[in-house]
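**Q** Before I ask anything, let me first share the structure, which is written out below as structure tokens.
Each reported figure results from applying straightforward, stated rules to the coordinates on display, with no laboratory input. Computed from a predicted model, the values in this text were never measured in an experiment. Note that each Cβ is placed from the backbone with ideal geometry, even for glycine, and that neighbours are counted across all protein chains shown.
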Amino acid sequence: MPVRLTKTWRSIFRLVDTGVPSKELDFDISSVADETIRTITMPNANVDLTSIAGSGYVVVTDAATYTVTAANRGKVHIIPDLTADCVLSLPAAADGLRYEFWYGGVAADAQDWQFDTGADANFYLGGLVQHDPDNAGDDTVVYYPDGDSNSKVNILTPEAGTVVRMFCNGTNWYLNGTVISATDAGVTWADQ
């Protein structure tokens, strides 16, 4: 439900919720030099706005390795048509980290992505669906990790429509998404 903060004449912000009577709340706001609000601390809640601050997306560099940062949590990561396979290293496991990765090239990528949690103790849960557009193999396949040690997932030759979502519960990474790839086994799992 949409909310907005409005500053009143008493320098108390009012939380306004469409259709529900507003409540005045006393709370502290922390920000950085650019005056972007990062957190709101209230008597019974702490709201972290970091994930929605800023541009809302990150363009991943065309390199053999890329470090996903906690500072960019909640943002869409657009992965271009790469010139080499890329290992994307996830940050240390922490509760509430979430990411979304999109393929952003203009033709099928000939390169692969690998998402690495850094430790088998931080294994993947959930799964991915692959659609194979060339009809050379199964048209749709569902892939699941082993649920106890698969800490690397490979996305092979992604195409338009590939979207991978991840959420960390503090230990493990939940994974969900769709892989579009003409590679017959477009998703593979591995341990460290």
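**Q** Expected output is a single nm value to one decimal: the length gained when fully extending between V142 and A84, i.e. 0.36 nm times separation in residues minus the C-alpha distance. What is it?
**A** 18.3 nm
**Q** State the extension gain, in nm to one decimal, for the chain segment bounded by A94 and T69, taking 0.36 nm per residue of separation less the distance between their alpha-carbons.
**A** Contour length minus the Cα-Cα distance gives 7.8 nm.
**Q** Stretch Y57-V129 to full length: gain in nm at 0.36 nm per residue minus the Cα-Cα span?
**A** Difference between extended and current length: 23.6 nm.
**Q** On to the next question. At 10 °C and a viscosity of 1.306 mPa s, what translational diffusion coefficient does Stokes-Einstein give for region 71-192, taking Rh as the Kirkwood radius over Cα pairs? Give it in µm²/s as a whole number.
**A** 111
**Q** Provide L90, L125 in ascending order of the number of other Cβ atoms located within 10 Å of each residue's Cβ, fewest first.
**A** Ascending number of Cβ neighbours within 10 Å: L125, L90.
**Q** I've got another one for you. Can you give me the long-range amide H partners of G161? Hydrogens built in the peptide plane at 1.01 Å from N, cutoff under 5 Å, separation of 5 or more residues or another chain.
**A** Y103
**Q** Quick one: order Y103, Y66 by neighbouring beta-carbon count within 10 Å, fewest to most.
**A** Lowest count first: Y66, Y103.
**Q** Through the Karplus equation 6.51 cos²θ - 1.76 cosθ + 1.60, θ set to phi - 60°, convert the phi angles of region 68-77 into ³J(HN,Hα) values in whole Hz; use x for Gly and Pro.
**A** Result, rounded to whole Hz: 7, 9, 5, 4, 9, 4, x, 9, 6, 9.
**Q** Among V142, S181, N122, flag the residue with its Cα farthest along the positive direction of the charge dipole of region 83-192, charges on Cβ as +1 for Lys/Arg and -1 for Asp/Glu.
**A** Farthest towards the positive pole: N122.
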